[in-house]
Amino acid sequence: MIMRRSSKVIVLGITGRQGTFWTEKMLAYGTQVVAGVNPKRAGGRHCDVPIFASTAQAVRDTGGDVAVMFIPPATAREAAVSAMEAGIKHLVVLTEHIPAQDVMAMHAAAARHGTRIVGPNTAGLVTPGECFIGIMPAFVPSVFKPGHVGVISRSGSLGTLVCLELTRSGLGQSAFIGIGGDPMLGTTTRDALAALDHDPPTEAVVIVGEIGGTMEEDAADYARTMRKPVAAFIAGAASPPGKKMGHAGAIVTGNRGGYASKRRALEAAGVIVADTPAEIAHALSGRNPRPRLHAAGVS
Amino acid sequence: MNFDEHAAKSLVLAPAGIPVPRGQICRTAKEAAQAVGAIGPAAIKAQVAAGKRGKAGGIKPADTPEEAERVAAAILGMSIGEYKVERVLVEEQANIAHEFYAAVLTDTEARKPLVLFSTQGGMDIEKVAAANPNAIRRQHVDLDVEPGAVDFVSMLAGLQLGDAQASVADILSRLYAAYRRRDAELLEINPLAQLADRRVVALDCKFVLDDAAAYRQEDIVRFGAPAPMTALEQRGAENGLKFIQVDGNVGVLANGAGLTMTTMDVIRHFGGRPANFLEIGGEAYTKSAAALDLVLSNPGVKSLIINFCGAFARTDVMAEGVVKAWQELKPAIPVFFSIHGTGEDEAIALVRARLGIEPYDLMEDAIQAAVRAAQ
């Protein structure tokens with residue numbers, strides 16, 4: 001799930017407004033977008049990328065191995081299963097609000113085809129300086145820069161903020177893995193942690209988690225075995241219990257999946273848990289909070 | 001979305017061929033009396049999408065029309081959980097021999113549907129699971145190989161269900177089909193009762209619809225019981241915005257659930273109290289004007305933090321919405337900005353030029369300033 005410039009990307013839903021906007025951004029960044037899929041526009045070109053009638057045809061003609069979906073919820077399952085049947089090995093599902101039973105069907109198909117799903121509801125994957133796939137601001141220099149910290153995030157907006165804080169502190173990123181905000185993900189925090197553990201350029205890892213589910217607790221079990229330092233920020237400490245706060249995954253019921261349980265599990269595994277996003281960078285660089293923060297009131 | 005018992009039975013169970021008792025929905029005590037006159041001794045059951053109705057006094061027997069009128073009058077108008085009781089179900093009394101438990105639910109950890117059955121029905125299934133885990137049979141379903149994948153008969157093997165075995169297996173199979181057909185998150189029968197006359201019927205039912213699938217369940221959605229909302233939360237929902245009022249004084253306008261929760265956390269970290277959760281993530285990022293209106297309408301808000309970190313959500317589009325709404329709303333409270341990510345140059349320039357406000361470079365500085373201004 002760490003993408004390289006050699007990854008050949010097929011964009012499903014390339015001709016839509018968002019598909020167009022983000023395909024242009026991906027191409028400009030250096031991502032090899034080799035094909036788009038739209039049955040009505042097959043044979044033509046869009047963003048100077050050839051359009052095919054089906055993912056199967058696109059795979060046959062271009063050798064694309066990664067697909068990214070700009071597809072609405074109602075047709076996401078069909079598009080995903082077709083892509084898996086076409087032999088796509090990495091499927092990045094950006095779509096939010098896919099019915100749960102469709103998501104389960106997608107995971108069942110992925111198990112049969114040996115496909116790695118990233119998402120649903122992911123903001124995508126960034127390998128700074130090489131390529132990005134999805135809807136992350138890889139091209140904003142204040143946010144991303146090449147380096148050695150691997151970042152795992154359920155949220156796109158919060159992941160962006162954390163990368164911004166790292167870059168500000170002089171810490172570039174080896175890879176950003178957006179795992180997604182859906183309650184049922186193809187790639188979990190633990191999966192992403194293992195991938196970054198085995199990624200030579202990655203020297204430290206940041207987990208950006210959220211209340212809800214038990215992914216951070218599971219990842220803590222893995223973090224315990226790692227030599228690379230791991231830091232984390234968990235959003236939702238101030239969220240009222242029992243309320244769904246947007247991401248379907250972020251719901252607190254009882255103690256399970258709550259902030260305290262996650263923090264306890266991570267700290268017991270030797271992970272540094274930061275109180276604010278800015279503190280993550282300080283924790284990793286071994287520096288105290290910048291004087292600027294403290295001086296903010298008197299400047 | 002939750003559904004009350006009657007909606008669950010009549011819209012989901014009965015059409016799937018699962019037997020349910022005869023019953024009638026009544027809105028007044030008089031109607032309840034007439035219903036008992038027609039069907040005989042009955043249970044009067046409050047229809048609210050909340051648990052523990054029995055414990056709250058919302059389910060009572062009535063043998064005669066007079067008793068039904070008295071009992072229904074007491075139940076109608078009472079509050080259970082967050083709901084007010086406006087309707088009762090008058091249902092024929094059941095002569096129960098055994099109580100079972102049956103459910104199909106979405107197991108998010110296994111990422112598969114899970115079928116549950118227990119011979120110990122009628123009580124809280126979590127308590128059964130804790131006291132006697134072996135009393136519960138569990139069967140996951142692989143959605144890639146259904147239908148016909150689940151052998152409900154072998155799932156029940158060894159439970160000594162006697163003459164109920166065939167009916168129970170049939171009902172489980174129908175329950176699973178109904179779970180699939182109706183995009184349930186949870187479809188639960190507790191108790192599933194074998195009556196003295198040996199019939200097996202669903203005496204209660206809980207149905208939770210997957211909100212993401214509401215678009216393809218349009219024929220039943222309008223019978224659901226949405227969670228109670230404040231007037232402002234309602235206004236948010238009508239605009240497609242997830243807005244949750246919290247008891248604080250620092251208003252929050254941020255994009256994405258993760259960033260919004262974090263903004264609330266950092267407000268708390270600096271000793272302040274957030275006033276709301278509000279998500280304008282996903283496609284909703286284009287609705288920043290309506291979002292600003294909501295946050296400013298929340299009484300008690302003393303300052304506002306506008307925190308944009310654009311990935312998919314373009315900060316230039318969000319800033320444009322805010323600037324547009326600003327002319328109309330003319331906020332009377334101090335507002336603090338932090339803007340980063342996709343479209344940041346245009347967004348910062350716009351806020352600077354049109355509102356004369358300088359966005360903070362550090363999010364935490366902006367939040368700290370908003371907390372201080374609210375004190």
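The values are calculated or read from the model by the stated rules, or taken from the named source; none is laboratory data. Quick caveat: nothing in here was measured; it's all calculated off a predicted structure. Backbone-built Cβ (ideal geometry, glycine too); neighbour counts: all protein chains shown. In case anyone asks, the SASA skips ligands and DNA or RNA and just uses the protein heavy atoms, side chains included. Shrake-Rupley method; radii C 1.70, N 1.55, O 1.52, S 1.80 Å.
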Which whole-number value in Å² is the accessible area per residue of the protein assembly as shown, probe 1.4 Å? 39
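Specify whether the C-alpha gyration tensor of the stretch A:1-101 places it in the rounded, prolate or oblate class, a ≥ b ≥ c being the square roots of the eigenvalues: rounded for a/c under 1.5, otherwise prolate if a/b is larger than b/c and oblate if not.
Cα axes put the stretch A:1-101 in the rounded bin.
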Projected onto the charge dipole of the stretch A:8-118 (unit charges on the beta-carbon of Lys, Arg, Asp and Glu, signs +1, +1, -1, -1), the Cα from A:39, A:68, A:80 with the largest positive-side position is that of A:39
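Work out, in µm²/s and without decimals, the Stokes-Einstein translational diffusion coefficient of the protein assembly as shown at 4 °C, 1.567 mPa s, Rh from Kirkwood over C-alpha pairs.
48
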Per residue of B:102-108, other chain Cβ atoms within 10 Å number on average 3
Could you list which residues have their amide H under 5 Å from that of residue B:87, counting only those 5 or more apart in sequence or on another chain, with H placed in the peptide plane? B:47
Count the net charge of all other residues whose Cβ sits under 12 Å from the Cβ of residue B:303, scoring Lys and Arg as +1 and Asp and Glu as -1. +3
Largest-first ranking of A:107, B:269, B:6 by accessible area, probe 1.4 Å, whole protein assembly kept, is B:269, B:6, A:107
Run the dipole for the protein assembly as shown about the Cα centre, Lys and Arg Cβ at +1, Asp and Glu Cβ at -1, nothing else charged, and hand back the magnitude in debye, nearest 20. 620
Among A:89/B:206; A:228/B:112; A:262/B:60; B:9/B:55, which pairs are too far apart, with a Cα-Cα distance over 32 Å? A:89/B:206; A:228/B:112; A:262/B:60
Run the quick spin-label model on residue B:357 and residue A:268: label points 7 Å from Cα toward the beta carbon, then report their separation in nm to one decimal. 4.4
In degrees from 0 to 90, rounded to the nearest 10, what is the angle of the helix B:288-297 Cα long axis to the longest principal axis of chain B? 80
Nearby aspartates and glutamates by direct alpha-carbon distance to residue B:302 (threshold 15 angstrom, same-chain neighbours under 8 apart not counted): B:247, B:293
A/B buried area, accessible surface, summed, 1.4 Å probe, Å²: 4800
Just to be sure I follow: if Rg is taken over the C-alpha atoms of the stretch A:140-191 and Rh is the Kirkwood radius over the same atoms, what is Rg/Rh? 1.01
The answer for residue B:341, listing residues at least 5 apart or on another chain whose modeled amide H is closer than 5 Å to its amide H, is B:310
Using the Cα atoms of the stretch B:231-374, I'd like the radius of gyration and the largest Cα-Cα distance, Dmax, both in angstrom. 13.2, 36
Fully extended contour minus Cα-Cα distance, from residue B:221 to residue B:237, at 0.36 nm per residue: 4.2 nm
Relative to the isolated chain, which residues of the stretch B:241-281 have their accessible area cut by 50 Å² or more in the presence of all protein chains (1.4 Å probe, heavy atoms, no ligands or nucleic acids)? B:244, B:261, B:262, B:265, B:269
Compare each residue of the stretch B:305-353 in its chain alone against the assembly with all protein chains, and report those whose accessible area goes down by 40 Å² or more; 1.4 Å probe, heavy atoms. B:309, B:311, B:312, B:314, B:340, B:342
Highest GNM mean-square fluctuation among A:118, A:11, A:59, for chain A with Cα springs under 10 Å, belongs to A:59
How big is the dipole moment of chain A about its Cα centre under a simple scheme where the beta carbon of each Lys and Arg is +1, that of each Asp and Glu is -1, and everything else is neutral? Debye, nearest 20, please. 280
How many nm is it between the label spots at residue A:116 and residue B:160, if each spot is 7 Å from the Cα in line with the beta carbon? 5.2
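Excluding residue B:11 itself, calculate the net charge of residues whose Cβ lies under 14 Å from the Cβ of residue B:11, where each Lys or Arg counts +1 and each Asp or Glu counts -1.
That sum, taken over residues with Cβ under 14 Å, equals 0.
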Once you list every other residue whose beta carbon is under 12 Å from the beta carbon of residue B:358, what net charge do they have if Lys and Arg are +1 and Asp and Glu are -1? -1
